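Engineer: Structure provided below as structure tokens; questions to follow.
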Amino acid sequence: MARPDKAAAVAQVADKFRESNAAVLTEYRGLTVAQLKELRRSLSGNATYAVVKNTLTQIAAKEAGIEGLDANLTGPSAIAFVTGDPVMAAKGLRDFAKANPALVIKGGVLDGAAMTAAEITKLADLESREVLLAKAAGAMKAKMSMAACMFNAKTAGAARAIDALRQKQESAA
């Protein structure tokens, strides 16, 4: 029978999995407490970073309906539970890992789908949501402007042709 403290820890991690839209599994071996504090501070607003026990995480992930993390749950593990923009959290983890090579990104989950470390790096290379939305809006605006010019071109051409005919008739009379 499970001990009450372990059952509570599993329930807490399962709730974090359910509340977050992404989770990134990392290995923190070799990082100091000050470095972990700095990492938590850099992720604030987008994610919470928690050191977890592998067996409890496996049980919590199954309870939350998340698959694909079992292979990465070896060694000392910590999870960044992303509640904000997953791209910004991935960028924060990638940048921190560049500055502190002891942090290793093992894999993760995004909207229920398992991701490898390489896929998380690709996610970090994306531009932020706001930039992508602005680019999409700009592309749509450009297409609308081109359509408006096309519609105006026909009427403007007809108006020029009518004006040329009018001038020709005036000069002939």
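The values are calculated or read from the model by the stated rules, or taken from the named source; none is laboratory data. Because the structure is predicted, anything quoted here is derived from the model rather than measured. So basically every Cβ, Gly included, is an ideal-geometry build from the backbone, and we count neighbours across all protein chains shown. To get the accessible areas, we keep the full protein, side chains included, count just its heavy atoms, and leave off ligands, DNA and RNA. Shrake-Rupley method; radii C 1.70, N 1.55, O 1.52, S 1.80 Å.
Engineer: Six or more apart or on different chains, Cβ under 7 Å: which pairs go from a residue in region 90-102 that's under 15 Å from Arg41 (Cα atoms) to one that's open to solvent by less than 20 Å² (accessible area, probe 1.4 Å) and assigned to a loop (DSSP other than H, G, I, E, B)? Could you list them?
Structural biologist: Final answer for the pair search is Phe96/Leu103; Ala97/Leu103.
Engineer: OK, next. Quick test for you: out of Thr57, Thr26, pick the one residue that is more than 20 Å from the chain's Cα centre (by Cα), at pLDDT 85 or above, buried (at least 20 other Cβ atoms within 10 Å of the Cβ) and not hydrophobic (A, V, I, L, M, F, W, C).
Structural biologist: Thr57
Engineer: Mind checking whether some residue in region 16-28 is under 16 Å from Leu73 (Cβ atoms) and of a type in the set (D, E, K, R)?
Structural biologist: yes
Engineer: Looking at region 17-40, I want the residues that are of a type in the set (Ser, Thr, Tyr) and have a partner that is part of a loop (DSSP other than H, G, I, E, B) and open to solvent by 50 Å² or more (accessible area, probe 1.4 Å) with Cβ atoms under 8 Å, at least 6 apart or on another chain. Which pairs are those?
Structural biologist: Ser20/Thr83
Engineer: Also, I was wondering about something else. Specify which of the listed residues (Lys154, Lys106, Lys168) is at pLDDT below 85 and basic (Lys, Arg). Talk me through it step by step, then tell me what you get.
Structural biologist: Values: Lys106 fails: at pLDDT below 85; Lys168 fails: at pLDDT below 85.
Exactly one residue qualifies, and that residue is Lys154.
Engineer: What number of residues within region 97-112 satisfy the criterion of being under 13 Å from the mean Cα position of the chain (by Cα) and not in a strand (DSSP E or B)?
Structural biologist: Count: 1.
Engineer: Just wondering, is there one or more residues in region 106-128 that are over 21 Å from Ala9 (Cα atoms), loosely packed, with under 11 Cβ neighbours inside 10 Å, touching a residue at least 40 places away in the same chain (Cβ under 8 Å) and not β-branched (Val, Ile, Thr)?
Structural biologist: yes
Engineer: Do we have any residue at all in region 6-22 that's modelled with pLDDT of 85 or more, part of a strand (DSSP E or B) and closer than 22 Å to Ala118 by Cα?
Structural biologist: Yes: one or more hits.
Engineer: Something else now. From (1) at pLDDT 85 or above; (2) touching a strand residue (DSSP E or B) at 6+ places or on another chain (Cβ under 8 Å); (3) over 19 Å from Leu43 (Cβ atoms), pick out the condition that doesn't hold for Ala118.
Structural biologist: (2)
Engineer: When both residues are 6+ apart or on different chains and their Cβ atoms are under 8 Å apart, which pairs have a first residue that lies in region 46-60 and is among the aromatic types (Phe, Trp, Tyr), and a second that is assigned to a helix (DSSP H, G or I) and open to solvent by less than 40 Å² (accessible area, probe 1.4 Å)?
Structural biologist: Correct list of pairs: Tyr49/Leu36; Tyr49/Leu39; Tyr49/Leu43.
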